[in-house]
Amino acid sequence: NHVAVLYFENQSGDPRLDYLAADLTESLIHLLTQVEGLSVVSPNGVRPYRDRPVTPDSLRRALGVGTLLSASLHLSGDTVRVVAHLVDATTGREVAGKVLKREMGERFTLVSALADEVAECLRSRLGREFQLRQWSMGTRDPRARELLLRGEEMREKALMSAGRPDSVAVLTARRTMDLADSLLAQAGELDPRWVDPWLRRGWLALDRVGISEMRAKRGWTARARDHAEAALALQPGHPPALALRGTAYWMEADDSLSDGAWEELVPRAEEDLRAATAADPWLASAWSTLSEVRRFKPDLAEAEVAARTAYQKDAYLRDADRVLEGLFRVTLLLERPEE
């Protein structure tokens, strides 16, 4: 999360893009410095390496960074093409690439649009790399790690299918989630002391709530709680496990039709979510769920604080859609539609 954005190169031969390249670089640096959780080298820090070839390893030593972003600008007619490369400064390996296209148009609008899109791509990809590195450190068994990664890939495919509005896609999503859960369970069997397979299975169970019939929903939230309990047995007080259990309590309360369930489950959810965010303030998902809980109390002032905290802490945009939806709903209830 220590990042250097190198000055973009104008490879078009058109001098008009010299200014655009510099503006785009500095606008992107400015955007990223506002993201909590990222440490970004200032324009003054990277300016000495402008227009000169420097190896990633040299930049890593000189600037103390782990990630480099470089890009080049090209022009075809009135279309600007930005080719961006995300590089691991330690290994020199390119971990992601992205090509963006925009019409030249008005310069300020173009710079703003391109900087926003590059920043979003960078943050999302950094989050993926960060998660992979966490999982790599969580277990010494390479087979368990491979099974967990395969399970997560299956989960992502299932979520894509679940987002389509037809019954065949939903059936495909359910089957894919079954396969994902089986892979995650095998990972846990290979390394019984590894907490991540239990957490991933818990979140997968909550994914099933949205594509299940009403009578089956409570079974999936109960299963998610069981997985959270298994994780807490391995690591008592583990903030991500508390966040999972609190979210499961909240989703069960939200879908419960039985008398008294709301009064019983909501305090449990709130207790776990508060404990999770107190122990690890970077859990954007937990802040977002806590905002939902406070919104339905209703305590709109605290709901807004929690929603804005979720937005600030979501450095890698892992929960961006849900976080933004929460912000939208609470500001609407506060009768501030312009926000």
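The values are calculated or read from the model by the stated rules, or taken from the named source; none is laboratory data. Not measured: the values here are computed from a predicted model. No Cβ is skipped: glycine too gets one built from the backbone with ideal geometry, and neighbour counts run over all protein chains shown. Side chains are part of the model used for accessible areas, which takes the heavy atoms of the whole protein and leaves out ligands, DNA and RNA. Shrake-Rupley method; radii C 1.70, N 1.55, O 1.52, S 1.80 Å.
Given 4 °C and 1.567 mPa s, how large is the Stokes-Einstein diffusion coefficient of region 215-339 in µm²/s, with Rh as the Kirkwood radius over Cα pairs?
Once the numbers are plugged in, D ends up at 88 µm²/s.
Which length gain, in nm to one decimal place, applies between MET104 and VAL54 when the Cα-Cα distance is subtracted from 0.36 nm times their residue separation?
Values: separation 50, 0.36 × 50 = 18.00 nm, distance 3.00 nm.
Extending this stretch completely gives an extra 15.0 nm.
Give me the net charge for the shell around GLY37: Cβ to Cβ below 14 angstrom, other residues only, Lys and Arg +1, Asp and Glu -1.
Every neighbour counted, the sum reads -2.
Of ALA275, GLY92, PRO236, whose Cα points farthest to the positive end of the dipole of the chain (charges on the beta-carbon: +1 Lys, Arg; -1 Asp, Glu; origin at the Cα centre)?
Farthest towards the positive end: GLY92.
Of TRP198, VAL209, GLN186, which is farthest along the charge dipole of region 174-215 in the positive direction, counting Lys and Arg as +1 and Asp and Glu as -1 at C-beta?
Of TRP198, VAL209, GLN186, it is VAL209.
Collect residues whose amide H, placed 1.01 Å from N in the peptide plane, falls under 5 Å from the amide H of VAL40; neighbours closer than 5 in sequence don't count.
Answer set, sorted by chain and number: VAL3.
Treating only the Cβ atoms of Lys and Arg (+1) and Asp and Glu (-1) as charged, compute the dipole magnitude of the chain about its Cα centre; round to the nearest 20 debye.
Dipole size: approximately 920 debye.
What GluC sites (Glu not before Pro) does region 93-191 have in DSSP loop regions with at most 16 other beta carbons within 10 Å?
Values: sites: GLU94, GLU103, GLU106, GLU117, GLU120, GLU129, GLU146, GLU152, GLU153, GLU156, GLU189; in loops: GLU106.
Filter output for region 93-191: GLU106.
Considering the options PRO15, GLY77, ALA62, tell which one lies farthest towards the positive end of the dipole of region 1-93, charges being +1 on Lys and Arg and -1 on Asp and Glu at the Cβ, about the Cα centre.
It is ALA62, whose Cα lies furthest towards the positive end.
So how do MET154, MET214 rank on accessible area, 1.4 Å probe, biggest first, that is with the largest at the start?
MET214, MET154
Once amide H atoms are built 1.01 Å from N in the peptide plane, which residues 5 or more positions from LEU283, or in another chain, come under 5 Å H to H?
The list, which skips near neighbours in sequence, is empty: none.
Quick one: of LYS157/LYS217; LYS101/LYS313; LYS98/LYS157, which pairs are farther than 26 Å apart, Cα to Cα?
Those over the limit are LYS101/LYS313.
Taking the Cα-to-Cβ direction at SER212 and at ARG93 and moving 7 Å from each Cα, how far apart do the two end points lie in nm?
Going by the 7 Å Cα→Cβ label model, 3.7 nm.
Put a dot 7 Å past each Cα toward the Cβ at ARG329 and VAL83; how far apart are the dots in nm?
Here the answer is 4.5 nm between the modelled labels.
Under a 1.4 Å probe, what is the accessible area of region 1-157 per residue, stated in Å²?
Details: 8330 Å² over 157 residues.
Solvent-accessible surface per residue comes out at 53 Å².
What are the trypsin sites (Lys or Arg not before Pro) within region 86-123 that DSSP puts in a loop, where the Cβ has at most 14 other Cβ atoms within 10 Å?
Counting only loop positions with at most 14 other Cβ atoms within 10 Å, the trypsin sites (Lys or Arg not before Pro) in region 86-123 are ARG93.
Carbon and sulfur together cover what percent of the accessible area of the chain at a 1.4 Å probe radius?
That fraction is 51 percent.
Quick check: residue separation of PHE296 and GLU339 times 0.36 nm, minus the Cα distance between them. What number comes out in nm?
Separation in residues times 0.36 nm, less the Cα-Cα distance, equals 13.5 nm.
Sort the chain into rounded, prolate or oblate with this rule: let a ≥ b ≥ c be the square roots of the eigenvalues of the Cα gyration tensor; rounded if a/c is under 1.5, and if a/c is not under 1.5, prolate when a/b is larger than b/c, oblate otherwise.
The shape class here is prolate.
Report the full-extension gain for the segment ARG174 to ASP116: residue separation times 0.36 nm, less the Cα-Cα distance, to one decimal in nm.
Gain on stretching ARG174 to ASP116: 17.4 nm.
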